[in-house]
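The values are calculated or read from the model by the stated rules, or taken from the named source; none is laboratory data. Since this is a predicted model, take the numbers as computed values, not measurements. We place every Cβ from the backbone using ideal geometry, glycine too, and count neighbours over all the protein chains shown. All accessible areas refer to the heavy atoms of the entire protein, side chains included, with ligands and DNA or RNA removed. Shrake-Rupley method; radii C 1.70, N 1.55, O 1.52, S 1.80 Å.
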Amino acid sequence: MYAQMVKTDSTGVKSIDDMSEQEAAFQARIDRDEKIEPKEWMPDNYRKTLIRQISQHAHSEIVGQLPEGNWISRAPTLERKAILLAKVQDEAGHGLYLYCAAETLGISRDEMFDQLHSGKAKYSSIFNYPTLTWADIGAVGWLVDGAAIMNQVPLQRTSYGPYARAMVRICKEESFHQRQGFHIMMKMAKGTAAQKRMAQDALNRFWGPSLMMFGPSDKNSVHSAQSMAWKIKMNTNDELRQKFVDQTVPQAEYLGLTVPDDTLAWNEEKQGYDFADPDWDEFHAVLAGNGPCNKERLGARVTAWEDGKWFREGLLAHSKKRAAIASDAA
Amino acid sequence: MNALHAANPALTIDGALFELLTHLGDNSLILGQRLSAWCGHGPALEEDIALANVALDLIGQTQLWLELAGDVEGQGRSADALAYHRDAFDFRNAHLVEQPNGDFGQTLMRQFLFDAWHLPLLLALTKSPDNRIADIAEKISKEVRYHLERSSDLVIRLGDGSEESHRRMQRALDALMPHAYELLQITDGDALLISEGVIGDITSVTAQWEEQVNSVLALATLSRPNSPAAPGGGRRGRHTEHLGYLLADLQFLQRAYPDATW
């Protein structure tokens, strides 16, 4: 899940009395679980919110290539190198599907890139953290992809057709990534003392940022209600965070690693874990551009785009020449 | 015993074969390592994906060649042991593949000059009497056919593109062409393997490379420089300064934690 705090331009759900006839009919289709397709009528706000959400997700995929890409050159075996390279390449592929899905709503990929590069559009806070050891590659797969899957599996049923279909493809690959990440963690946690130390250190650093991936607590999440009514958000932030913790804590125990939360305890009554909030001040600082790697991550994307300008223009110039020759011949 | 044995009595079939296989595996490994540095940094999303695909193919090819090299050597070294536990002077890749990425044009030109050699070489190796070599060559020549198609196409489009793309591609060609000739050398070991019926006849690769390079450069409106071949020496373990840094990066974890499994 790579969409956090997506604005809906409203702070509450429009009631049926406030809706026009067209809006009411649209909402009724969503309530019947019908898919909305690109050419069909939709409220402006639905369109705008979806563009924000899908493009934020797409940006997260391509910025998300960077922290893992940081270890491709140092992957410890040829097989690990191939798996990691394939994974980071998959993320570029996810970005591509998602940009295409957003384009069906009437925005171009270049416009979305401009929004990313200018800082107007956001990407998930998690990718502003550094990957410092090989265990971080395991932790990213296990925790970050694990958290992403929590949100993306329900989004396969989201109301907008192209988004739902992109999500089906993405989820298949994400589950595979998560298993690979867990496998790296297992090797590390069951390995030498040095490897185990790396694994614990990775969990210590990625636990809080992973919890932040679900966005702020429901009581502070002003945009959720309308998005849920439109079925472009399927669960609340806190529901998903709880589900993630409940799934992940036993896995950490299996690995023999300690979750860095002294307050963590099983709550028999709610049949789930009680756990501490992540540091929300840190979360807001990262979103505001002040995380450990914001400048490097966005800087790398901007550099890639600017350095690639001559390449894109060169290809364009060639195709214009070809077209001119073809039309002369015709 | 043929004339080559007489000229170099230390040359054995297994020794020559091990050297050729590490040459093939190391070329793929070093070039794959170089290409993978573009992942997440390409000039367009589609290019990022396509180049990562080529890098992935090359890493896969490395595993096949180096595993066979380890078998031929018979000292129990796996592909990983060969990739991660040799120092630069035991690497047998050509200098071309260890050249830095430069701009995307240099990366593409390096790829094209390599692919134009790689495909005819592999096709010749599919005719090797030694089935282990023929089978690998058969499998990977399919991948490399696509690599060559793609790199030729991009060299043509960028050479015959904008003024700037033309200038960059010409600069890349001028810088890299001298390093490409090393790939075309037939060593005494190669000649022994051909004459002893181990590998297919690879002596026609140079002519095929020349033909491909000249025709693509013509379509790309690029002029082939007259500069002489760079000294080379990769197949004797003599490398440029670049390789040491590349290996320090590639081998870091295996070297720092030799008792760990991953």
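Worth a mention:
- Single residue of segment A:103-143 satisfying the filter (open to solvent by less than 10 Å² (accessible area, probe 1.4 Å) and closer than 16 Å to A:Val6 by Cα) that is nearest to the chain's Cα centre (by Cα): A:Ser124
- Test for A:Ala225: is it hydrophobic (A, V, I, L, M, F, W, C) and buried (at least 20 other Cβ atoms within 10 Å of the Cβ): no
- Sole residue being closer than 30 Å to A:Asp44 by Cα, touching a residue at least 12 places away in the same chain (Cβ under 8 Å), assigned to a helix (DSSP H, G or I) and among the aliphatic types (A, V, I, L, M), chosen from A:Ile137, A:Ile149, A:Ile232: A:Ile149
- Cβ-Cβ contacts under 6 Å between residues 6 or more apart (or on different chains), taken from a first residue in segment B:64-88 that is within 13 Å of chain A (Cβ to nearest Cβ) to a second residue that is open to solvent by 50 Å² or more (accessible area, probe 1.4 Å) and at pLDDT 95 or above, are listed as B:Gly70/B:Arg77; B:Gly70/B:Ser78; B:Ala79/B:Gln63; B:Ala79/B:Glu67.
- Pairs where the first residue, in segment A:45-73, is more than 14 Å from chain B (Cβ to nearest Cβ) and assigned to a helix (DSSP H, G or I) and the second is basic (Lys, Arg) and open to solvent by 10 Å² or more (accessible area, probe 1.4 Å), C-beta under 9 Å, 6+ apart: A:Asn45/A:Lys14; A:Lys48/A:Lys7; A:Thr49/A:Lys7; A:Arg52/A:Lys7; A:Arg52/A:Lys122; A:Gln53/A:Lys233; A:Gln56/A:Lys122
- Residues satisfying the stated conditions in segment A:264-287, i.e. acidic (Asp, Glu), surrounded by 12 or more Cβ atoms within 10 Å (Cβ to Cβ) and outside any loop (DSSP other than H, G, I, E, B): A:Asp274, A:Glu282
- Qualifying residue in segment A:20-35 (condition: crowded, with 21+ Cβ neighbours inside 10 Å and farther than 30 Å from A:Gly119 by Cβ): yes
- Selection status of B:Glu143, surrounded by fewer than 20 Cβ atoms within 10 Å (Cβ to Cβ), within 14 Å of another protein chain (Cβ to nearest Cβ) and part of a helix (DSSP H, G or I): yes
- Pairs, first open to solvent by 60 Å² or more (accessible area, probe 1.4 Å) in segment B:9-24, second part of a helix (DSSP H, G or I), C-beta under 6 Å, six or more apart: B:Asp14/B:Val72
- Complete set of residues in segment A:212-222 that are surrounded by fewer than 23 Cβ atoms within 10 Å (Cβ to Cβ) and either among the small types (Gly, Ala, Ser) or assigned to a helix (DSSP H, G or I) (or both): A:Ser217, A:Asp218, A:Lys219, A:Asn220, A:Ser221
- Just one residue in the set A:Asn204, A:Asn290, A:Asn237 is exposed (fewer than 14 other Cβ atoms within 10 Å of the Cβ) and more than 14 Å from chain B (Cβ to nearest Cβ); that residue is A:Asn290.
- Test: residue in segment B:168-186 that is assigned to a helix (DSSP H, G or I), more than 16 Å from the chain's Cα centre (by Cα) and within 11 Å of chain A (Cβ to nearest Cβ): yes
- Within segment A:240-261, being of a type in the set (Gly, Ala, Ser) and surrounded by fewer than 17 Cβ atoms within 10 Å (Cβ to Cβ) holds for one residue alone: A:Gly256.
- Candidate set: segment B:187-219, residues that are of a type in the set (A, V, I, L, M) and within 17 Å of the chain's Cα centre (by Cα); chosen: the one farthest from B:Thr107 (Cα to Cα): B:Ile202
- Condition met for A:Thr104 (modelled with pLDDT under 95 and away from chain B (no Cβ under 14 Å)): no
Per-residue answers, yes or no, for (1) farther than 28 Å from B:Ala16 by Cα; (2) in contact (Cβ under 8 Å) with a residue 24 or more places away in the chain:
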| site | (1), (2) |
| --- | --- |
| B:Arg224 | yes, yes |
| B:Arg235 | no, yes |
| B:Arg238 | no, yes |
| B:Tyr245 | no, no |
| B:Ala248 | no, no |
| B:Gln251 | no, yes |
| B:Ala256 | yes, no |
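- If the condition is being assigned to a helix (DSSP H, G or I), open to solvent by 40 Å² or more (accessible area, probe 1.4 Å) and farther than 16 Å from A:Met150 by Cβ, then segment A:181-193 contributes A:His183, A:Met186, A:Lys187, A:Ala193.
- Qualifying residue in segment A:12-22 (condition: in a helix (DSSP H, G or I), hydrophobic (A, V, I, L, M, F, W, C) and more than 20 Å from A:Ser224 (Cα to Cα)): no
- For segment B:48-63, filtered to residues that are surrounded by fewer than 20 Cβ atoms within 10 Å (Cβ to Cβ) and farther than 22 Å from A:Pro76 by Cβ, the residue that is farthest from the other protein chains (Cβ to nearest Cβ) is B:Ala50.
- Residue check, A:Ala285 out of contact with any Pro (no Cβ under 8 Å at 6 or more places or on another chain) and closer than 23 Å to A:Phe127 by Cβ: yes
- Check on B:Pro120, more than 14 Å from chain A (Cβ to nearest Cβ), under 24 Å from B:Thr22 (Cβ atoms) and open to solvent by 60 Å² or more (accessible area, probe 1.4 Å): no
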